[in-house]
Amino acid sequence: NKSVKFGLNCYVGKNVSIGKGTIIGNNVSIENNSIIGENCKINSGCVIGLDGFGPVIKNKKIIKMQPHYGGVKIGNNVSIGPLTNIERGTIDNTIIQNNVAIDALVQIGHNSIIKENCVITAGSLIGGSVIVEEGSWIAPNSSVKERVKIRKNSMIGYASNVLVSTKINSLNYGNPSKQYYKK
């Protein structure tokens, strides 16, 4: 697509689709089986679609890393800050839906789903198979444990460690996070 703009030193793997009007910064790696929608901005130093972390342990020794066969699917109007990593899914895709804003230095684990109109701010760690529902906001330097669900319109406070799923329309913060307010 001629309307896609690339910075310097970018890598694009096999079976990659990038929608019109998307801007890719410098030194970005977009790995195999990634789909990026229209009018997205992927800032410099991002890695989209590498395998996630998944050691297979036998007799207290790492014998291999778990293979990943899925991809990454990014919707339209998504902004991804510099040095962010979005891992591909193990079987299905890791999904970032439309109108999502992801800040710098964010890690999104394999098989996660970030639904529409969410904001994930700087330094946040999203474990594997996490679901962040519509309209949620995750503050800087927060972490979300694997398989946790951040329910619709939830807010996660600064530097929180989310170990259990939240309730809809709730404010959660602390280490471990607790629910302090429900709209």
message = Once R0 is set to 45 Å, what does the formula 1/(1 + (r/R0)^6) return for the Cβ-Cβ distance between ASN32 and LYS167, expressed as a FRET efficiency to the nearest 0.05?
response = 0.75
Solvent exposure, largest accessible area first (probe 1.4 Å, DNA, RNA and ligands not counted), of LYS64, LYS2 = LYS2, LYS64
message = Given R₀ = 25 Å, what would the calculated FRET efficiency be for LEU8 paired with ALA101, taking r from the Cβ atoms and rounding to 0.05?
response = 0.55
key: Residue order for HIS68, HIS110 - accessible surface, 1.4 angstrom probe, largest first   = HIS110, HIS68
ask   = In debye to the nearest 20, how big a dipole does the chain give about its Cα centre with +1 on each Lys and Arg Cβ and -1 on each Asp and Glu Cβ?
value = 420
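Counting DSSP beta bridges with both partners in the chain, what percentage is antiparallel, nearest 5?
Counting DSSP beta bridges with both partners in the chain, the antiparallel share is about 15 percent.
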task = Could you check how much of the accessible area of the stretch 33-80 is carbon and sulfur, as a whole percent, using a 1.4 Å probe?
result = 54
message = With the cut-off at 1.5 for a/c, could you classify the stretch 87-130 from its C-alpha gyration tensor as rounded, prolate or oblate?
response = oblate
query = Under a 1.4 Å probe, what is the accessible area of the chain per residue, stated in Å²?
reply = 52
task = For the chain, take the alpha-carbon Rg, divide it by the Kirkwood Rh, and send me Rg/Rh.
result = 0.99
query = How do PHE6, PHE53 rank by accessible surface area computed with a 1.4 Å probe, from largest to smallest?
reply = PHE53, PHE6
Point-to-point label distance, ILE91-LYS178, nm (Cα→Cβ direction, 7 Å offset) = 3.8
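The values are calculated or read from the model by the stated rules, or taken from the named source; none is laboratory data. Computed from a predicted structure; not experimentally measured. Heads up, the Cβs are rebuilt from the backbone with ideal geometry, glycines too, and the neighbour counts pull from every protein chain shown. Quick note on the areas: whole protein, heavy atoms, side chains included, nothing else; ligands and nucleic acids left out. Shrake-Rupley method; radii C 1.70, N 1.55, O 1.52, S 1.80 Å.
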